[in-house]
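Enquirer: This is the structure, below, for whatever I ask next.
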Amino acid sequence: MTTTTTKSSRSTQTSGGPVYQPVDGRLLEVEDLHVEFHTQDGVARAINGVNLYLDQGETLAVLGESGSGKSVTAQAVMGILDMPPAKIPKGAIRYCGHDLLTMPEEQRRKTRGPEISMVFQDALSSLNPVFPVGWQIAEMFRKHRGMNRSDSLERAVKLMQRVQIPAAKERVKAYPHQFSGGMRQRIMIAMAIALDPAVLIADEPTTALDVTVQAQIMGLLQELQEERQMGLILITHDLGVVADVADRIAVMYAGRIMERAEVFELYRQPAHPYTKGLLESIPRLDQKGQQLAAIGGLPPNLMRIPPGCEFNPRCRYAQDVCRTDRPALREVAPGRESACHFAEEILHG
Amino acid sequence: MTEASTIGVADTGVPVHEGGDVGEARSLASDAWRSLKRNWVFWFSVVLITLFVLMSIWPSLFTNVSPNEAILAKARERPSGDAWFGRDIQGYDIYSRTIYGARASILVGVFTSVFTVILGSVLGMLAGFNGGWLDAVLSRITDMFFAIPLLLGGILFMSVIPNDANTPYFVVVGKVIVVMGIFGWPSIARLMRSSVMQVKPNDYVQAARALGASPLRIIRSHILPNAMAPVIVVATINLGVFISVEATLSFLGIGLTPPAVSWGVAISDAIVALRTTPHILLFPSLFLCLAVLAFIMLGDAVRDAFDPKSR
C-alpha cells in the first residue's frame with residue numbers, strides 16, 4: 001500500500017476537512033511576504049518581500065546562509081511562527097489558491113499534515129523522547145484518519161519499511177534515542193509523508209548528518225517526491241546538496257530573494273554577485289592547496305539592513321547606485337531573475 | 001535517477017551499519033524502573049507504605065480490639081501482653097488506636113496530594129502553555145496563595161466551619177483535605193509551569209504543530225508526559241509532608257477531631273501525661289515518623305531514578 005499510494009488516492013483517503021486541488025498545477029504561492037520580529041532591542045526584519053511559487057511534482061531549493069530568512073519563510077508557510085514576537089505585516093501565502101494567512105486557525109491547522117508537511121533539521125529533538133517511534137507515526141493515522149490502534153501501527157510499520165528502516169517490525173517499539181541520526185531522520189520523514197501531503201518542506205534535513213548519510217536521505221526524499229508527485233521545498237545552505245535534487249533554486253539574502261533560476265542555469269552562470277560568490281566558495285578538488293575563495297564580511301544585522309542593495313557592503317561590483325537604490329527582483333534573461341543592478345553584466349561575464 | 005539516490009537505495013538495502021541492535025526498548029519510565037529496582041531505599045519505603053495502606057484499609061487484619069473500647073480502670077497501663085503498646089489516659093488500647101489512626105493519615109496524605117496535583121497541574125499547564133496575560137494572572141494568584149501560611153489558613157478555615165461530635169468521619173477528613181489542598185497547590189502549579197515552559201520550545205512540540213496536532217493533543221501527548229516527572233517526585237514527597245501537617249493541625253485541635261482516630265489527635269492527647277507515661281506519646285509519634293519518612297524516601301528514590309545525572 002505505502003509504496004503504491006498515488007496522488008489519485010489522496011483525495012479519497014483524506015477524511016474530514018477541506019481537500020484542496022491545485023490550480024493549473026500550482027500548489028503554493030508566496031507573495032510579497034514580510035516577517036518581522038519585535039524584540040526588546042528593536043524590530044528585526046527577517047523577511048522583506050519574498051516571492052516564491054511551487055508546482056506539483058517540483059523541487060524548489062531555497063538557498064542561503066544562516067540568518068538569511070530561509071527557515072523563517074518555511075515556518076511562516078507552515079504557520080508555526082510564534083506570534084508574538086513574530087509578525088506578518090504584509091504578504092500572502094496561497095495554498096491551491098487559498099490564502100493561509102487569512103484562513104481561520106482551525107481550518108489552517110487541518111492543512112498541516114495532510115496538505116503541507118515539514119521535516120525538521122534535528123530529528124532527535126523533533127521526536128518525542130517518551131514515546132516509541134511507531135506510536136508516534138501511528139498517531140498521524142489515528143488522529144487524522146481515525147484508524148484504530150492495530151491498523152495504524154501496521155501502517156506505521158509499512159511506512160518505516162518504505163523509508164528503508166531495517167527490521168521495521170521489531171523496531172517499531174523502539175524509542176527515538178535508540179536510533180542513529182540517519183534513521184531518526186528517516187522516521188521524521190515517514191511521519192511527515194504519512195498523510196500523503198501535497199507539499200513537503202524540508203528544513204535543512206541533512207545538516208545534522210554526516211556526508212554519506214546525507215546522500216541517502218536526499219536520495220530518499222527525491223524518490224518519495226517522484227513517487228508521490230509532491231511539491232518539495234528544500235531549505236539548505238549547502239550548494240552541493242541541492243545540485244542533484246532541485247529543479248529550481250531561489251537564493252536568499254537578508255530576507256529577500258536575490259536570484260531565481262533553474263538549477264542547471266544557475267550553476268552554469270550565476271546572475272547575481274552573491275550567488276557567484278557562493279559558487280566560488282565551494283571547495284574544488286582541482287584547486288588543492290590554494291586559498292579558498294570566500295565572501296568577505298558578514299550578513300547584515302537584520303535590525304539595521306543597509307540602504308540600497310542589502311548585499312552592497314560585501315559586493316565587489318558595488319557602485320554608487322547600489323548604496324542608494326534597492327534593486328527589485330527582475331527578469332534578466334528567459335527564466336532567470338536577479339535582484340542586481342548589474343545582473344546582465346554578471347550573467348554575460 | 002541521480003547518483004545520490006542510487007547510493008541511498010544501495011546502501012540502505014543492507015541493514016548493517018545503521019540498523020543498530022534491536023535491543024529491549026527503554027523509555028524514560030523503564031529506565032527509571034530499572035534503577036529503582038536496585039535501590040534498597042525504594043524497597044524499604046515500598047514495604048512500609050504497603051503496611052500503612054493495609055492498615056488503613058483493613059485495620060482488623062492487625063488488631064481485633066476496638067479503638068473505641070475505653071477501660072478507664074486500666075488507664076495509663078504500660079505496654080504488656082494484654083495491650084502491646086499500653087493504654088492511654090482514657091484507657092484506650094494504644095496499639096489498636098495507632099493502627100486505626102493510619103486511615104486518617106493515609107487518606108489525608110493521598111487525597112491532598114491528588115487534589116493538589118490536579119489543581120496545580122491544570123493551572124500550571126494553562127499558565128505555562130498559554131503565557132501572556134493568562135500566565136500573569138495565574139502566577140499572581142499562585143503567589144497570593146503561596147503567601148498565606150498553611151497553619152494560619154487552616155486555623156481560619158476550621159474556625160469558620162468547625163466540626164462537632166456529630167460530623168461524619170469522612171466530612172471531618174474531607175475538610176482537612178480541602179483546606180490543605182487549597183493552600184498546597186501553589187508549589188505544584190509553579191513547578192508545572194516551569195516544567196511546561198522548559199518542554200514547550202522543544203523541536204518535537206514544533207514538529208507536532210507542523211504535522212497538524214491540535215493544542216489539546218500537543219498538551220496531552222507531547223507536553224504533559226515530558227513535564228510530569230518533577231511533579232510526580234514533588235507530589236510523592238509532599239504526601240509525607242501533608243501527613244505531618246495533618247498531624248500538626250490535629251495536634252492543635254483544628255484538624256481531625258474526636259471521635260475521629262488519628263495520630264495527631266493521639267499525640268495531642270498524650271502531651272498532658274508526657275512526664276509520667278511517655279509511652280502514650282511514643283507509639284503514635286513513631287508511626288507518624290515512619291509514615292512520613294516512607295513517603296519522603298519514596299519521593300527521593302523516584303527523583304533519583306528520573307534524574308539521569310544521578311546515575
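Enquirer: When chain B is modelled as a GNM with alpha-carbon springs shorter than 10 Å, which of B:F287, B:F62, B:F145 fluctuates the most?
Expert: The residue that fluctuates most here is B:F62.
Enquirer: Cα convex hull of chain A: mean projected area in nm², to one decimal?
Expert: Reported value for the Cα convex hull: 19.1 nm².
Enquirer: So if we plug the beta-carbon distance of A:E65 and A:E105 into 1/(1 + (r/R0)^6) with R0 = 22 Å, what FRET efficiency do we get, rounded to 0.05?
Expert: The computed FRET efficiency comes out at 0.10.
Enquirer: Compute the Rg to Rh ratio over the protein assembly as shown from the alpha carbon atoms, using the Kirkwood formula for Rh, and round to two decimal places.
Expert: 1.14
Enquirer: Please work out the Cα center distance from the range A:98-140 to the range B:69-89, rounded to the nearest Å.
Expert: The range A:98-140 and the range B:69-89 have Cα centres separated by 69 Å.
Enquirer: Please state, to two decimals, what the Cα-based radius of gyration of the range A:60-172 comes to when divided by 2.2 N^0.38 Å (N = residues).
Expert: The value comes to 1.28.
Enquirer: Also: How long are the semi-axes of the equivalent ellipsoid of the range A:272-349, defined as square roots of 5 times the Cα gyration tensor eigenvalues? Whole Å, largest first.
Expert: After scaling each eigenvalue by five and taking roots: 24, 18, 10 Å.
Enquirer: Just name one of B:F44, B:A127, B:Y100: the one whose Cα is farthest towards the positive end of the charge dipole of the range B:43-163 (beta-carbon charges, Lys/Arg +1, Asp/Glu -1).
Expert: B:Y100
Enquirer: So what is the calculated 222 nm ellipticity per residue for chain A, using -39500 (n - 2.57) for each DSSP H run with n of 4 or more, over all residues, to the nearest 500 deg cm²/dmol?
Expert: When only DSSP H runs of four or more count, the value is -9000 deg cm²/dmol.
Enquirer: Could you work out how much longer the chain between A:K173 and A:H348 gets when fully extended? Use 0.36 nm per residue separation minus the Cα distance between them, nm to one decimal.
Expert: Stretched fully, the A:K173-A:H348 segment lengthens by 57.2 nm.
Enquirer: A further question on this structure: With a point put 7 Å past each Cα toward its Cβ, work out how far B:A165 is from B:W58 in nm, to one decimal.
Expert: It is 3.4 nm.
Enquirer: For the range A:100-235, what are the per-bin percents of Cα-Cα distances with bins 5 Å wide, up to the bin holding the maximum?
Expert: 2, 11, 21, 23, 22, 14, 6, 2, 0
Enquirer: Right, next: In the P(r) worked out for the range B:136-225, what percent of Cα pairs fall beyond 23 Å?
Expert: Here the tail beyond 23 Å accounts for 49 percent of pairs.
Enquirer: Using θ = phi - 60° and the Karplus curve 6.51 cos²θ - 1.76 cosθ + 1.60, what whole-Hz ³J(HN,Hα) does each residue of the range A:152-160 get, with Gly and Pro shown as x?
Expert: In residue order, the calculated couplings are 5, 5, 5, 4, 4, 4, 4, 5, 5 Hz.
Enquirer: Find out how many positive minus negative residues lie around B:M197, taking Lys and Arg as positive, Asp and Glu as negative, among other residues whose Cβ is under 12 Å from that of B:M197.
Expert: Taking every other residue near B:M197 into account, the sum is +2.
Enquirer: Would you compute, from DSSP H runs of 4+ residues alone, the mean residue ellipticity of chain B at 222 nm, taking -39500 (n - 2.57) per run and dividing by the full residue count, rounded to the nearest 500?
Expert: -22500 deg cm²/dmol
Enquirer: Near the amide H of A:I233, under 5 Å away, which other amide H atoms are found, from residues 5 or more places off or on another chain, if H is placed in the peptide plane?
Expert: Residues meeting the criterion, in which the H sits 1.01 Å from N, are A:L60, A:L200, A:I201, A:A202.
Enquirer: Sticking with this one: Tell me, which longest segment in chain B has none of the GluC sites (Glu not before Pro) that fall in DSSP loops with at most 12 further Cβ atoms within 10 Å?
Expert: Looking at chain B, B:70-311 is the longest stretch - no exposed GluC sites (Glu not before Pro) with at most 12 other Cβ atoms within 10 Å.
Enquirer: Can you give the log10 of the normalised intensity I(q)/I(0) at q = 0.11, 0.13 Å⁻¹, computed with Debye over equal Cα scatterers of the range A:221-336?
Expert: Calculated log10 I(q)/I(0) at the listed q: -0.44, -0.61.
Enquirer: First select every other residue whose beta carbon is under 11 angstrom from the beta carbon of B:V173; then total the charges, Lys and Arg +1, Asp and Glu -1.
Expert: +1
Enquirer: While we're on this one: Which percent of Cα pairs goes in each bin when the distances of chain B are cut into 20 angstrom slices starting at zero?
Expert: The percentages, shortest bin first, are 27, 46, 20, 6, 1, 0.
Enquirer: Now a separate question. Which order do the peptides B:294-301, B:38-45, A:172-179 take when ranked by the mean count of other beta-carbon atoms within 10 Å per residue, highest first?
Expert: B:294-301, A:172-179, B:38-45
Enquirer: In µm²/s, what is D for the range A:99-142 at 25 °C and 0.890 mPa s, where D = kT/(6 pi eta Rh) by Stokes-Einstein and Rh is the Kirkwood radius from Cα pairs?
Expert: 198
Enquirer: Now a separate question. Along Cα→Cβ, 7 Å out, is where each label goes; now give me the distance between the ones at A:N301 and A:S281 in nm to one decimal.
Expert: 2.1
Enquirer: Helix B:279-306 against the longest principal axis of chain B: what's the angle in degrees, Cα atoms only, rounded to the nearest 10?
Expert: 0
Enquirer: Please report the net charge: other residues with Cβ closer than 11 Å to the Cβ of A:G42, K and R +1, D and E -1.
Expert: Once positives and negatives cancel, what remains is 0.
Enquirer: Return a whole-number percent for the relative contact order of chain A, with Cα pairs under 8 Å and 6 or more residues apart as the contact set.
Expert: 20
Enquirer: A further question on this structure: If a paramagnetic tag sat 7 Å from the Cα of A:S180 along the Cα-Cβ line, which residues of the range A:141-166 would have the backbone N under 13 Å from that point?
Expert: A:165-166
Enquirer: Please check: in the Gaussian network model of chain B (C-alpha springs, under 10 Å), which one of B:A102, B:A73, B:A273 has the largest mean-square fluctuation.
Expert: Ranking B:A102, B:A73, B:A273 by mean-square fluctuation puts B:A73 first.
Enquirer: For the range B:178-185, in order, what is each residue's ³J(HN,Hα) by Karplus, 6.51 cos²θ - 1.76 cosθ + 1.60 with θ = phi - 60°, in whole Hz (x at glycine and Pro)?
Expert: For the range B:178-185, the Karplus curve yields 4, 5, 6, x, 4, 9, x, 5 Hz.
Enquirer: Next question. Just need the relative contact order of chain B here, percent rounded to a whole number, with Cα pairs under 8 Å and 6+ apart.
Expert: RCO, chain B: 24 percent.
Enquirer: Okay, moving on. Residue by residue through the range B:129-142, what is 3J(HN,Hα) from phi via Karplus (6.51 cos²θ - 1.76 cosθ + 1.60, θ = phi - 60°)? Round to whole Hz and write x for glycine and proline.
Expert: 7, 7, x, x, 5, 4, 4, 4, 5, 5, 5, 5, 4, 4
Enquirer: Using a Förster distance of 45 Å, how high is the FRET efficiency between A:T212 and B:R140, based on the Cβ-Cβ distance and rounded to 0.05?
Expert: 0.25
Enquirer: Find the Cα radius of gyration of the range B:87-132, compare it with 2.2 N^0.38 Å by division, and give the number to two decimals.
Expert: 2.05
Enquirer: With springs connecting C-alpha atoms under 10 Å apart, model chain A as a Gaussian network and identify which of A:P300, A:P313, A:P129 has the largest mean-square fluctuation.
Expert: A:P129
Enquirer: Kindly provide log₁₀ I(q)/I(0) values, in the same order as q = 0.16, 0.17, 0.18 Å⁻¹, from the Debye equation applied to equal alpha-carbon scatterers of the range B:47-181.
Expert: Each listed q corresponds, in turn, to -0.97, -1.03, -1.09.
Enquirer: Counting other beta carbons within 10 Å of each residue's own, what order do B:I141, A:I116, A:I189 fall into, fewest first?
Expert: So the ranking, lowest neighbour count to highest, is B:I141, A:I189, A:I116.
Enquirer: Taking the alpha-carbon centroid of each part, what is the distance from the range A:145-203 to the range B:27-48 in angstrom?
Expert: Using only Cα atoms, the two centres lie 33 Å from each other.
Enquirer: Please determine, in degrees from 0 to 90 and to the nearest 10, the orientation of helix A:211-228 with respect to the longest principal axis defined by the Cα atoms of chain A, where the helix direction is its Cα long axis.
Expert: It is inclined by approximately 70 degrees.
Enquirer: Just report the Cα centroid separation between the range B:234-302 and the range A:290-349, whole Å.
Expert: Using only Cα atoms to place each centre, the spacing works out to 78 Å.
Enquirer: Just to be sure I understand the curve: with the Debye formula and one point per C-alpha of the range A:227-287, what is log10 I(q)/I(0) at q = 0.14, 0.30 Å⁻¹?
Expert: -0.42, -1.56
Enquirer: Follow-up question, since we're still on this one. Using a Förster radius of 22 Å, what is the FRET efficiency between B:T276 and B:D82 based on their Cβ-Cβ separation? Nearest 0.05, please.
Expert: Efficiency at R0 = 22 Å is approximately 0.65.
Enquirer: So, one more: Over the alpha carbons of the range B:198-311, what is the largest minus smallest coordinate on each principal axis, giving the biggest first in Å?
Expert: Rounded to whole Å, the extents work out to 72, 34, 16 Å.
Enquirer: Something else about it: If you fit an axis through the alpha-carbon atoms of helix B:40-57 and take the longest principal axis of the Cα set of chain B, what angle between them do you get, 0 to 90°, nearest 10?
Expert: Around 50 degrees separate the two axes.
Just so you know, all these numbers are worked out from the coordinates, no wet-lab data involved. Model, not experiment: these values are computed from the prediction. Reconstructed Cβ throughout: ideal geometry from the backbone, glycine too, with neighbour counts over all protein chains shown.
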